[in-house]
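A.B. asks: So that we are looking at the same thing, I have put the structure below in structure tokens.
The values are calculated or read from the model by the stated rules, or taken from the named source; none is laboratory data. As the structure is a prediction and not an experimental result, all values here were calculated from the model. For neighbour counting, all protein chains shown are included, and Cβ atoms are generated from backbone atoms with ideal geometry for every residue, glycine included. Just so you know, the surface numbers come from the protein's heavy atoms only, side chains and all, with ligands and any DNA or RNA stripped out. Shrake-Rupley method; radii C 1.70, N 1.55, O 1.52, S 1.80 Å.
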Amino acid sequence: MSISFAGWENIYEQKLKKHDEPKRGGQYSMYHGTHKAHAASIITNGFKRSSDGLLGAGVYISRNKQKAMCYPLNSSDDDRVVFKLRVRVGKVKKIDCDNHQMQKTWHQNGYDTAWVPPNSNISSIKSGREEDCVWDPKRITILGISHCEDEQLKAELKRLIAKKKRASSARKFKKRPCKACRKEMKDTHTLLKCWSCEKTICPFLSEHNCKEK
């Protein structure tokens, strides 16, 4: 099947302000609080979904750092580590009231992330701070350490994050980029000729402008 092109431009999501609704396909800085005994394992092996919670199964995070600083519950600040994350939210479902019909079934209905907005009508969130739950841990990348009072542990965790980043970069480097769009290829990109300017192009180009003959 052939595809005809006359030119296009991809529009990327801009980063939104802290309390704006997360947009489908966007990437956001978020935070996750954990016990310091579990921090190294999370960096090395990745996050694991909780079996249940306010929003059902998933990885619980927030764009609100102070929200993440409260976890784990009943722990002192000395025992807490807060990760700074980059999160690809995918398709987002807003849960803004008690007993929402998709409160724990959002993923079964095709959503990647559940989002509780700030100052929602959910009675169990006394602080009014936003909460997010991501189904697939692979959508979450650890960028750094936002809180850790143990300086020796903090240095070790930073070392593990850097090691994980280098390993990820090495895997990406092994993938051959497409000659036309320069993006990494899982499968070979099929190159076609633009029907207007006859230039060889790739459907994955971010932008193509041409002058019609």
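A.B. asks: Report, to one decimal in Å, the Kirkwood hydrodynamic radius for the range 62-140 based on all distinct Cα pairs.
C.D. replies: Values: mean 1/r = 0.0734 Å⁻¹.
Kirkwood hydrodynamic radius for the range 62-140: 13.6 Å.
A.B. asks: Loop-only check: which trypsin sites (Lys or Arg not before Pro) in the range 115-163 are DSSP coil with at most 11 other Cβ within 10 angstrom?
C.D. replies: Values: sites: LYS126, ARG129, LYS138, ARG139, LYS154, LYS158, ARG159, LYS163; in loops: LYS126, ARG129.
Filter output for the range 115-163: LYS126.
A.B. asks: With everything on Cα atoms, drop me the angle between helix 36-45 and the longest principal axis of the chain, reported from 0 to 90° to the nearest 10.
C.D. replies: Between the helix axis and the principal axis of the chain, the angle is about 20 degrees.
A.B. asks: A further question follows. Can you tell me the length gained on complete extension of the stretch THR105 to SER206, counting 0.36 nm per residue apart and subtracting the Cα distance? Each step should come with its number before you reach the end.
C.D. replies: Numbers: separation 101, 0.36 × 101 = 36.36 nm, distance 3.50 nm.
Contour length minus the Cα-Cα distance gives 32.9 nm.
A.B. asks: While we're looking at this one, here's another question. Once Lys and Arg get +1 and Asp and Glu get -1 on their Cβ, which of ALA68, ALA57, ASN109 lies farthest toward the positive end of the dipole of the range 16-109?
C.D. replies: In the range 16-109, that residue is ASN109.
A.B. asks: Same structure again: Read phi for every residue in the range 193-201 and hand back ³J(HN,Hα) as whole Hz from Karplus 6.51 cos²θ - 1.76 cosθ + 1.60, θ = phi - 60°, with x for Gly and Pro.
C.D. replies: 9, 4, 5, 8, 9, 6, 6, 6, 9
A.B. asks: Do any of LYS65/LYS94; LYS36/LYS84; LYS23/LYS65; LYS91/LYS158; LYS154/LYS183; LYS91/LYS193 go past 25 Å between their Cα atoms, and which? If you can, show how the numbers build up before the last one.
C.D. replies: Values: LYS65/LYS94 20 Å; LYS36/LYS84 14 Å; LYS23/LYS65 20 Å; LYS91/LYS158 31 Å; LYS154/LYS183 35 Å; LYS91/LYS193 33 Å.
Those over the limit are LYS91/LYS158; LYS154/LYS183; LYS91/LYS193.
A.B. asks: Heavy atoms only, 1.4 Å probe, whole protein assembly: order ARG80, ARG88 by accessible area, highest first.
C.D. replies: Working: ARG80 30, ARG88 105 Å².
From most exposed to least exposed: ARG88, ARG80.
A.B. asks: Within the range 8-150, what percent of beta bridges assigned by DSSP are antiparallel, to the nearest 5?
C.D. replies: On the way: 24 of 28 bridges.
About 85 percent, rounded to the nearest 5.
A.B. asks: Hey, any idea what % of the chain's accessible area is carbon plus sulfur with a 1.4 Å probe? Can you show the working numbers first?
C.D. replies: On the way: 6460 of 13610 Å².
Roughly 47 percent of what the probe reaches on the chain is carbon or sulfur.
A.B. asks: With θ set to phi - 60°, apply the Karplus curve 6.51 cos²θ - 1.76 cosθ + 1.60 along the range 110-118 and write out the HN-Hα couplings as whole Hz, x wherever there is a Gly or Pro.
C.D. replies: 3J(HN,Hα) across the range 110-118, in whole Hz: x, 9, 9, 9, 9, 10, 9, x, x.
A.B. asks: A further question on this structure: In whole Hz, with x marking every Gly and Pro, tabulate ³J(HN,Hα) for the range 155-170 from phi via Karplus 6.51 cos²θ - 1.76 cosθ + 1.60, θ = phi - 60°.
C.D. replies: Here the 3J(HN,Hα) series is 5, 5, 5, 4, 5, 5, 5, 5, 5, 5, 5, 5, 5, 5, 5, 5 Hz.
A.B. asks: Let me ask something additional. Would you mind getting the accessible area per residue of the chain, heavy atoms of the protein chains only, 1.4 Å probe, in Å²?
C.D. replies: Values: 13610 Å² over 213 residues.
Spelled out: the 1.4 Å probe surface of the chain, per residue, equals 64 Å².
A.B. asks: Would you work out the charge dipole size for the chain about its Cα centre, treating the Cβ of every Lys and Arg as +1 and the Cβ of every Asp and Glu as -1, and quote it to the nearest 20 debye?
C.D. replies: Details: 43 positive and 24 negative charges, 235 e Å.
Once rounded to the nearest 20, the dipole reads 1120 debye.
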